[in-house]
Amino acid sequence: MSNFGKQALVDEMFVFLRQEGISISRDTTSALYDFIFAVMCRQINDGDTITLGKLGSLKAVDAAPRKGYVPATQERVHIPAMRRPKFNASSAFTTAINTDGVIRKVVRKRKP
């Protein structure tokens, strides 16, 4: 298993844009990635939900304050209220990540 991060995505975007006949540099492709990220963050901060086509949707949800602890010291800590990102995968994405394209269901045999 590997991590497909920003640089790998920028490389894929760069190759795709070049194949489509768009003359663009890797630096410009990286700037485009950063711009898209900034726009998405701004829209989510404004309370919008972003739909990413067949991938799913992103939004921010409010999380209440809570209590936690540091496992190493057993010290109790207060975790303040904050906004957290929430991703909802689409059914098309869920189907696509299954190797054979079929959503698997666990089938249990009935005892006679």
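Pulled fully out, how much extra length does the chain show between K6 and R83, if you take 0.36 nm times their separation in residues and subtract their Cα-Cα distance?
Separation in residues times 0.36 nm, less the Cα-Cα distance, equals 25.4 nm.
Quick one: dipole size for the range 1-98, taken about the Cα centre, charges +1 on Lys/Arg Cβ and -1 on Asp/Glu Cβ, in debye to the nearest 20.
460 debye
Which residue fluctuates the most in the chain, going by a Gaussian network model with Cα springs under 10 Å, if the choices are L32, L55, L17?
L17
Given that just one value was derived from the coordinates, which of [x] 12, 33, 29, 18, 8, 0; [y] 11, 21, 29, 24, 11, 4, 0; [z] 13, 47, 34, 6, 0 is P(r) over Cα pairs in 10 Å bins from 0, in percent?
[y]
Of all accessible surface on the chain at a 1.4 Å probe, what whole percent is carbon and sulfur?
C and S fraction of accessible area: 57 percent.
Grab the DSSP H runs of the chain that are 4 residues or longer, score each as -39,500 (n - 2.57), total them, divide by all residues and round the 222 nm result to the nearest 500 deg cm²/dmol.
-11500 deg cm²/dmol
Using a Gaussian network model on the chain with a 10 Å cutoff between Cα atoms, which of S57, S25, S90 fluctuates the most?
Top of the fluctuation ranking is S25.
Within the chain, which is the longest segment containing none of the trypsin sites (Lys or Arg not before Pro) that sit in a DSSP loop and have at most 15 other Cβ atoms within 10 Å?
With a cap of 15 other Cβ atoms within 10 Å, the longest stretch comes to 1-53.
When only C-alpha pairs under 8 Å and at least 6 residues apart count, what is the relative contact order of the chain, in percent?
That works out to 16 percent.
The values are calculated or read from the model by the stated rules, or taken from the named source; none is laboratory data. The structure displayed is predicted, hence computed values, not measured ones. In this analysis, Cβ positions are derived from the backbone assuming ideal geometry, glycine residues included, and neighbour counts consider all displayed protein chains. Quick note on the areas: whole protein, heavy atoms, side chains included, nothing else; ligands and nucleic acids left out. Shrake-Rupley method; radii C 1.70, N 1.55, O 1.52, S 1.80 Å.
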